[in-house]
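Everything below concerns the one structure shown next.
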Amino acid sequence: MDQAGDVLRQSAFIGWWGIELVELGAGTAVVRLPFRPQLVRPGGVLHGSSYEVVADVALWLAIMTLTGEEQMAVTIEMKTSFLRGSTSDITSRGTVTKLGRRIVFGTADTFDAAGSLVAQSTLSYVRALS
């Protein structure tokens, strides 16, 4: 978990969002995005990009639990279903469903602070050839 935490701390992108590592397992990762006013859209709920960034980072870290640090593992496709608005911190659990030599497939479920499912994402990543 220390190495994954280091990866997050070294990324200016992650730092701006304020994403925090919660948990790691083989092929899974959980990250949290603390609620803050800068992320709220008209209507008072988190902007959709907030749900997507936690899902994306969660799966990126989940991949690294299986492959080690891969700077060139990048998202090539993402579909998110927004199920309800959130006015709290959100947490996403990324899970690798298939780790291929070049393409990785996974899912991410995102929850509000009360534990309600607020978004579901499917993601594909491409890995650099080694």
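The values are calculated or read from the model by the stated rules, or taken from the named source; none is laboratory data. The structure displayed is predicted, hence computed values, not measured ones. Cβ atoms come from the backbone with ideal geometry, glycine included; neighbour counts cover every protein chain shown.
I'm checking my understanding of the structure. Among residues of region 64-110 that are part of a strand (DSSP E or B) and in contact (Cβ under 8 Å) with a residue 60 or more places away in the chain, which one is nearest to Ala128 (Cα to Cα)?
Leu99
From the set of residues in region 10-26 that are in contact (Cβ under 8 Å) with a residue 24 or more places away in the chain and over 13 Å from the mean Cα position of the chain (by Cα), which is surrounded by the most Cβ atoms within 10 Å (Cβ to Cβ)?
Gly25
Going by the conditions given, is Ser121 in contact with a helix residue (DSSP H, G or I) (Cβ under 8 Å, 6 or more places away or on another chain), more than 15 Å from Val7 (Cβ to Cβ), modelled with pLDDT of 95 or more and of a type in the set (Gly, Ala, Ser)?
Judged against the criteria, Ser121 is a match.
Can you tell me which residues in region 30-63 are out of contact with any strand residue (DSSP E or B) (no Cβ under 8 Å at 6 or more places or on another chain) and either closer than 19 Å to Leu123 by Cα or without any contact (Cβ under 8 Å) to a residue 24 or more places away in the chain (or both)? It would help to see each step written out before you state the result.
Residues of region 30-63 out of contact with any strand residue (DSSP E or B) (no Cβ under 8 Å at 6 or more places or on another chain): 36-38, 41-45, 49.
Arg36, Pro37, Gln38, Arg41, Pro42, Ser49 - these are the residues of region 30-63 that are out of contact with any strand residue (DSSP E or B) (no Cβ under 8 Å at 6 or more places or on another chain) and either closer than 19 Å to Leu123 by Cα or without any contact (Cβ under 8 Å) to a residue 24 or more places away in the chain (or both).
Taking the condition at pLDDT below 95 and in a loop (DSSP other than H, G, I, E, B), does Gln3 pass?
no
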